[in-house]
Amino acid sequence: MNRFPQTAFVFLGWLAGYIILVHFVPRAIPTESATAIVSAAAAQGYNAPVAYWVALIWSVIILVVSAVWARKTQAVPDPYVPLARGRLIPIELLIVFGIFVLAYFPAFLARYGPFNEDEGFIMVLFRMACGQVPFRDFEFLYGPLMLYPMWGWTKVFGVSMESYFGFMALQEGLQFALLMAVLQLTVKDRWWRYCIFLLLLPFLINTLLGPNWSALRRLVPVFALLLVAYRPFDMRANLAVAVMAGLHLAYSHEYAAATLLGIGTIYGMLLFGQHRREALRSGLVIAISAVLIWVLSISFMLGENWRFYLDTARQVTGVMSQGHAAFEFYWTVNSVAQIALLAMVCMLVGTTIVQVRGEMRAGDLYLAGGLVYALVILKSGLARADHWHFSAPFLVLYFAFLLNLPTLATRMSATMRRGAVVLIGITSFTYLIGIYPTAHHYMQAYLRGAQDVLTGVPTADIDPSNFRAQSVQFERTTADPDIVALGGFLAAPTQAPMPVLFHGKTWFLSSHAGICRQDYKHDDIMYSEIERPERDFLEQNPDALVVMFRSDYERIYGFIDPDSSVRDWPWRRVEKLARWTTTVHRQQRIIEGKLLNRARDNVTGRYIRDHYQVLTEFGVYMVLAPAVSGNSALYGN
């Protein structure tokens, strides 16, 4: 009996439920007023934490109803045997490695960097070069393993922008070669393997140039779940998974925790089968070994400072769970396609649950573990809601369909497989539209840098002795004259002993102006800044200078409208298209910028206005010094 029309109707009903509930319910439940968060979503009446719980509960409902229906119909799923497995092709791996190393060639990128997320990581390395310790002396949002291998790299190649990009080029090349190796082993057909690689590429290529958006962070869960699904009781495989999970905990704790929950789901299902003892043994080996490896690795990297890492992780998790830095979610073509895939997976795993006491194959286990992983990571996806965060949970699910994993308990028809691949194709294309602005910026700089290097254009002529410390401006083809002048001024004998606070959006300037930042915050998103405001630093350092943008100065001292200092820039056609096909990011970031200004002004801005005056200015950068007495705003004098 052909059940396709009935299944399609039910699927569309489940999808419609997601669309309606996630849109309306979070807008109907008011957000609680939390003083420790800044949320563009809450400011627009959208309760991001509620959105996640709505999506999670609806997913569980789909899962349960699908299981009940599968038991009622008592249909036996047809086993699916995939195409023959392949073998490693070294020359193909070398080509992939070479392509991606060349795509991030450090000498080219350093001429016009930094670009985006790399700004923060380069600044962190510069702070470590000043003798500061992550988590203790400054905020870092990720695990220490994301940072310390780079720090070890700089011990050999120096602390510089080119050294940083050299590390990134090596990491990108290795991870894409590893991905191709996995595809070679699981997909024998060469052309289909290339198609899979190209379908996945938009999600994995790192146009933000930070290790936090490197594919490695999202591929490790895929590899770990695949290895568990294929070899759940093999002790060597168990130990390999434990090493991956333990190190991943030290690299990106939230993704690794979700991975362990997915692995736990796989072994939980196997406990109902004929291999209960083996499942219990292997599950405990992986869990205990992973935690042990995590503890040893963070202790090795941080020593006695490990407690600051745990405090930071707890604090950041706390504010994020309240909705800090959340964007208002609305549906795009990309998000509808990905939620449609989630609905399909929930239906399929529901049919798997019915067969939990029987024999299962790798595809059955991987799909169930991948679903749990996706549902956990979806919390951050629906909170930040842009294409980068929203797509992250679903990458694991793509592999379940693209690799044609063998199934026995899951009722997955060939039509459903083809439909899933179509949905993945839609998300890949729309995601490509979303990353176009960052990719375009990166590629333009890359090509200009390549031209400069290959034609022998020298780097900027700057005397390093005029700066307090290392500056990325030394490595650029053309230095910013205002920043060079600012760095020289701050390094002058009169100012050199004074601490410097880079206020708000100027957080990145320290690595450009050659200053060792001493305040705690990482960037301007205020993960820890509301509890530890910039004002505390100024009170503890009464001789500190303050550097800020002219627009921020004008706002704080009342010369312009408070919201006018956050300006939108002209929308390009592709950005207008991306607004509806892919991402909520751009307009939400503008709203968030205004909210961050207000939150910062309420504490630090008032203090600066009452205690500081203009000392000098360099283009858009203002330098303020403690006022001799009273309010001494000198702008316009």
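The values are calculated or read from the model by the stated rules, or taken from the named source; none is laboratory data. Quick caveat: nothing in here was measured; it's all calculated off a predicted structure. Cβ coordinates were reconstructed from backbone atoms using ideal geometry, including for glycine residues, and neighbour counts include every protein chain displayed. Accessible surface areas use protein heavy atoms only, side chains included; no ligands, DNA or RNA. Shrake-Rupley method; radii C 1.70, N 1.55, O 1.52, S 1.80 Å.
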Degrees between helix 235-251 axis and first principal axis of the chain (Cα, 0 to 90, nearest 10): 30 degrees
Per residue, in Å², the accessible surface of the range 480-626 once ligands and nucleic acids are set aside, probe 1.4 Å: 41 Å²
Among Phe537, Pro134, Tyr104, pick out the residue whose Cα is farthest towards the positive end of the charge dipole of the chain, where Lys and Arg carry +1 and Asp and Glu carry -1 on C-beta, about the Cα centre. Tyr104
Quick check on the chain: helices-only [θ] at 222 nm, where DSSP H runs of length 4 and up contribute -39,500 (n - 2.57) each and the sum goes over total residues. Nearest 500, please. -20000 deg cm²/dmol
Provide the packing ranking of 619-626, 466-473, i.e. peptides ordered by the mean count of other C-beta atoms within 10 Å per residue, highest first. 466-473, 619-626
Accessible area of Phe105 in the full protein assembly, 1.4 Å probe (Å², nearest 10): 70 Å²
Computed over the Cα atoms of the range 482-604, what is the ratio Rg over Rh, Rh following Kirkwood? 1.03
With the contact rule set at Cα under 8 Å and sequence spacing of 6 or more, what percent relative contact order holds for the range 480-626? 29 percent
What residue among Ser551, Asn597, Val566 has its Cα farthest toward the positive end of the dipole of the range 502-637, where the charges are +1 on Lys, Arg and -1 on Asp, Glu, each on the Cβ? Val566
With N residues in the chain, what two-decimal value do you get for its Cα radius of gyration over 2.2 N^0.38 Å? 1.02
Quick check: the angle from helix 117-129's long axis to the longest principal axis of the chain, C-alpha only, nearest 10 degrees? 60 degrees
Ignoring ligands, DNA and RNA, what percent of the 1.4 Å accessible area of the chain is carbon and sulfur? 64 percent
Considering every pair of different Cα atoms, what Kirkwood radius, in Å, is found for the range 417-526? 17.2 Å
Scanning the chain, every Cys lacking a C-beta partner under 4.7 angstrom -> Cys195, Cys346
Taking only Cα atoms, what is the 0 to 90° angle, nearest 10, from helix 585-600's long axis to the longest principal axis of the chain? 50 degrees
